[in-house]
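> For reference, the structure I am asking about is given below.
The values are calculated or read from the model by the stated rules, or taken from the named source; none is laboratory data. Fair warning: this is a prediction, and the values are worked out from it, not measured in the lab. Glycine gets a Cβ as well: all are built from the backbone with ideal geometry, and neighbour counts include every protein chain shown.
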Amino acid sequence: MPDIISEVARRRTFAIVSHPDAGKTTLTEKLLYFSGTIQAAGTVKGKKGGKFATSDWMDIEKQRGISVASSVMQFDYRDHVVNLLDTPGHQDFSEDTYRVLTAVDSALMVIDAAKGVEAQTIKLLNVCRMRHTPIITFMNKYDREVRDSLELLDEVESVLEIRCAPITWPVGMGKTFRGVYHILKDEVIIFTPGKGPLDEVEIIKGIDNPRLDELFPLEIDQTRMELELVRGASHPFVLDEFLDGTLTPVFFGSAINNFGIREILNALVDWAPQPSDSAAIQRAVSPTEEKFSAFVFKIQANMDPKHRDRIAFLRVCSGEFTRGMKFKHLRLNRDIAANSVVTFMAQGREQVEEAYAGDIIGLPNHGNIQIGDSFSEGELLSFTGIPYFAPEMFRIVRIKNPLKIKQLQKGLQQLGEEGAVQVFKPLNGGDLILGAVGVLQFEVVASRLLNEYGVEAMFESTTIYTARWVSCDDAKKIADFEKNLTNNLARDAANSLAYLATSRVNLDLTMERWPELRFHATREHA
Ligand code: G4P
């Protein structure tokens, strides 16, 4: 029997956080390429009519060319098992994107160095910061004219509130990109585009090596000057500070040119943490405990429309999962014979033989599993920390055929519990309101209401700007609040009270007027 301690020690589970177009897809491919998982880039993902475009995803996903087959990829690197979880971006940005971050132990932040810190990166980093997730940073696209590197670090520090510790530093950029200087190793790695994982890379030892002045005198002079400033302005790499999420090691390179990839893989293996304890209401669960446990962080519907199945994505928290074992779905107190459990190897869906803490397994089901559900071999555990995020987009739901109101309510109840969208029931009895963080969530809901519940729903815009969950220790104050602001209040699928604000100013004023109440931008799964 494999030793659980060493299996856990060699696991690394991470996600890439970035703004669309920064290079996440490209980098994912290159990580697989450099780990030896695929033979050439361009064979795994093709978001524009690529290899997976003909497989059987739900219609919307097909139309938009969104890949679900690549939601989780497992690959080996230097005797480690690496799980890379996809954070859907572009139009398919949704609450799932956020929740994926609750299932990782570290994150790789990719920044387009020509653009700097962008909106989606800020949102995702907020979630990482909440959880103290260690972040590795990759400044991409140095083969192009990009922004000043020091300025980029400064922006990361001030906007994302995380200290930067550059590990490499670029020599030149764009047409005169010459390579990177590895600060810790005191060597320059020479840039040659398109080198594969097995090709030799030219390395010149020592920043003052005269060979560098022969090769590219202008750029190396500039780099030496910048390094003086870097030493004064940035922070040295301290592993503990990285692990508590307050400092990020920064690497520079060009994903499309295979440059800087190996350094990232090595940082993941050498520095990023192995799975640690998972918090449950009852107790903390150690990854090396013998008994299996896991929780659901994401549900993907209709991966195969013929079977109308759903896949619940479980992060293993402890113990060993083996094919055919029995475990318990704790909320329903039901045994699960896990014969059909799947994992997501880089090449597609495969049957899992065994899995350990940090691994992700997929459990096909027909809608009885919800986000946040816990599984174990019998012990009652309720894993915590799966947040719901305040929606930023709202729609009122109406139906074409009023006789279908029951089906609509049932459908929305289930979709709400599953976490596909948030459903708010106004206290004044008005129409149901849907809330989402990404616009595609509404389309998914419309399509699923039609296909699974036979309801043709229409969505109308609202004047709601954002929602805040409200809590207070004083029940009387809450009752007062409910009475005074009935028209702005609603209950979500979990019956939690939410204030629906019509503007930022409205929210601020309400918070000022009700200082005893707490207004939360996230709600933890109950
Ligand atoms: P995403 O998943 O984060 O959205 O980004 P993706 O990898 O698709 O990259 C976005 C664009 O940036 C792509 O170009 C990609 O080729 C380019 N890119 C990625 N890494 C680098 C890099 O190191 N240097 C340069 N110069 N470009 C890079 P595109 O034209 O939008 O798509 P495509 O038609 O080339 O696929």
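> Restricting to region 41-52, what's the tally of residues that are within 14 Å of the ligand (Cβ to nearest atom) and either hydrophobic (A, V, I, L, M, F, W, C) or modelled with pLDDT of 95 or more (or both)?
The qualifying residues number 2.
> Same structure, new question: Look through ASP143, ASP154 and report the one residue that is in a loop (DSSP other than H, G, I, E, B), at pLDDT 95 or above and closer than 20 Å to GLN222 by Cα.
Result of the check over ASP143, ASP154: ASP143.
> Considering only region 467-479, I want to know if a residue exists there that is hydrophobic (A, V, I, L, M, F, W, C) and in contact with a Cys (Cβ under 8 Å, 6 or more places away or on another chain).
The answer is yes; a qualifying residue exists.
> Go through region 158-188 and count every residue that is surrounded by fewer than 18 Cβ atoms within 10 Å (Cβ to Cβ), among the β-branched types (Val, Ile, Thr) and under 21 Å from ASP213 (Cα atoms).
Residues in region 158-188 being surrounded by fewer than 18 Cβ atoms within 10 Å (Cβ to Cβ), among the β-branched types (Val, Ile, Thr) and under 21 Å from ASP213 (Cα atoms): 1 in total.
> Condition first: away from the ligand (no atom under 15 Å from the Cβ) and buried (at least 22 other Cβ atoms within 10 Å of the Cβ). Now tell me which residues in region 134-157 satisfy that.
Those that are away from the ligand (no atom under 15 Å from the Cβ) and buried (at least 22 other Cβ atoms within 10 Å of the Cβ): PRO134, ILE135, ILE136, LEU153, VAL156.
> Could you check region 415-440 and list, in sequence order, the residues that are outside any strand (DSSP E or B) and touching a helix residue (DSSP H, G or I) at 6+ places or on another chain (Cβ under 7 Å)?
Those that are outside any strand (DSSP E or B) and touching a helix residue (DSSP H, G or I) at 6+ places or on another chain (Cβ under 7 Å): LEU415, GLY419, ALA420, VAL421, LEU427, ASN428, LEU432, VAL437, GLY438, VAL439, LEU440.
> I'd like the residue in region 212-240 that is modelled with pLDDT of 95 or more, under 30 Å from GLU161 (Cβ atoms) and buried (at least 18 other Cβ atoms within 10 Å of the Cβ) and, out of all such residues, is nearest to the chain's Cα centre (by Cα).
Ranking the candidates gives PHE237 first.
> Can you confirm whether region 479-499 contains a residue that is closer than 18 Å to ALA436 by Cβ and among the β-branched types (Val, Ile, Thr)?
There is no residue in region 479-499 that is closer than 18 Å to ALA436 by Cβ and among the β-branched types (Val, Ile, Thr).
> In the set GLY362, GLY372, GLY358, which member is under 28 Å from ASP3 (Cβ atoms), modelled with pLDDT of 85 or more, part of a loop (DSSP other than H, G, I, E, B) and within 25 Å of the chain's Cα centre (by Cα)?
Criteria check complete, one pass: GLY358.
> Mind listing just one residue for me: the one in region 276-296 that is outside any loop (DSSP other than H, G, I, E, B) and among the aliphatic types (A, V, I, L, M) and, of those, surrounded by the fewest Cβ atoms within 10 Å (Cβ to Cβ)?
ALA284
Table: residues versus (1) within 13 Å of the ligand (Cβ to nearest atom); (2) assigned to a helix (DSSP H, G or I); (3) modelled with pLDDT of 95 or more; (4) aromatic (Phe, Trp, Tyr).
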site: SER6; (1), (2), (3), (4): no, yes, yes, no
site: PHE14; (1), (2), (3), (4): no, no, yes, yes
site: PRO20; (1), (2), (3), (4): yes, no, no, no
site: THR25; (1), (2), (3), (4): yes, yes, no, no
site: GLU29; (1), (2), (3), (4): yes, yes, no, no
site: GLY36; (1), (2), (3), (4): no, no, no, no
site: GLN39; (1), (2), (3), (4): no, no, no, no
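> Is region 492-508 home to any residue that is on the phi > 0 side of the Ramachandran plot and either touching a residue at least 12 places away in the same chain (Cβ under 8 Å) or in contact with a strand residue (DSSP E or B) (Cβ under 8 Å, 6 or more places away or on another chain) (or both)?
No; the residues of region 492-508 include none that is on the phi > 0 side of the Ramachandran plot and either touching a residue at least 12 places away in the same chain (Cβ under 8 Å) or in contact with a strand residue (DSSP E or B) (Cβ under 8 Å, 6 or more places away or on another chain) (or both).
> Still on this structure, I have one more. Using beta carbons and a limit of 6 Å, which pairs, at least six apart or on different chains, have the first residue in region 254-275 and modelled with pLDDT under 95 and the second one away from the ligand (no atom under 16 Å from the Cβ) and among the hydrophobic types (A, V, I, L, M, F, W, C)?
Close Cβ pairs (under 6 Å, with a partner that is away from the ligand (no atom under 16 Å from the Cβ) and among the hydrophobic types (A, V, I, L, M, F, W, C)) do not exist here.
Quick grid of which residues meet (1) assigned to a loop (DSSP other than H, G, I, E, B); (2) within 16 Å of the ligand (Cβ to nearest atom); (3) over 11 Å from the mean Cα position of the chain (by Cα); (4) not β-branched (Val, Ile, Thr):
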{"site": "GLN74", "(1), (2), (3), (4)": "no, no, yes, yes"}
{"site": "VAL81", "(1), (2), (3), (4)": "no, no, yes, no"}
{"site": "THR87", "(1), (2), (3), (4)": "yes, yes, no, no"}
{"site": "THR102", "(1), (2), (3), (4)": "no, no, no, no"}
{"site": "LEU108", "(1), (2), (3), (4)": "no, yes, no, yes"}
{"site": "ALA114", "(1), (2), (3), (4)": "yes, yes, yes, yes"}
{"site": "ILE122", "(1), (2), (3), (4)": "no, yes, yes, no"}
{"site": "LEU125", "(1), (2), (3), (4)": "no, yes, no, yes"}
{"site": "ARG129", "(1), (2), (3), (4)": "no, no, yes, yes"}
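> Within region 251-273, can you find the residues that are surrounded by fewer than 19 Cβ atoms within 10 Å (Cβ to Cβ) and more than 15 Å from the ligand (Cβ to nearest atom)?
Of everything in region 251-273, those that are surrounded by fewer than 19 Cβ atoms within 10 Å (Cβ to Cβ) and more than 15 Å from the ligand (Cβ to nearest atom) turn out to be ASN266, VAL269, ASP270, TRP271, PRO273.
> Quick check: anything in region 178-187 without any contact (Cβ under 8 Å) to a residue 60 or more places away in the chain, in a strand (DSSP E or B) and acidic (Asp, Glu)?
Yes, region 178-187 contains a residue that is without any contact (Cβ under 8 Å) to a residue 60 or more places away in the chain, in a strand (DSSP E or B) and acidic (Asp, Glu).
> Here is a follow-up. Check whether at least one residue in region 200-209 is touching a residue at least 24 places away in the same chain (Cβ under 8 Å) and over 25 Å from VAL17 (Cα atoms), and report yes or no.
yes
> Quick check on region 446-461. Is at least one of its residues among the hydrophobic types (A, V, I, L, M, F, W, C), assigned to a helix (DSSP H, G or I) and either more than 26 Å from the chain's Cα centre (by Cα) or under 20 Å from TYR388 (Cα atoms) (or both)?
Yes; the residues of region 446-461 include at least one that is among the hydrophobic types (A, V, I, L, M, F, W, C), assigned to a helix (DSSP H, G or I) and either more than 26 Å from the chain's Cα centre (by Cα) or under 20 Å from TYR388 (Cα atoms) (or both).
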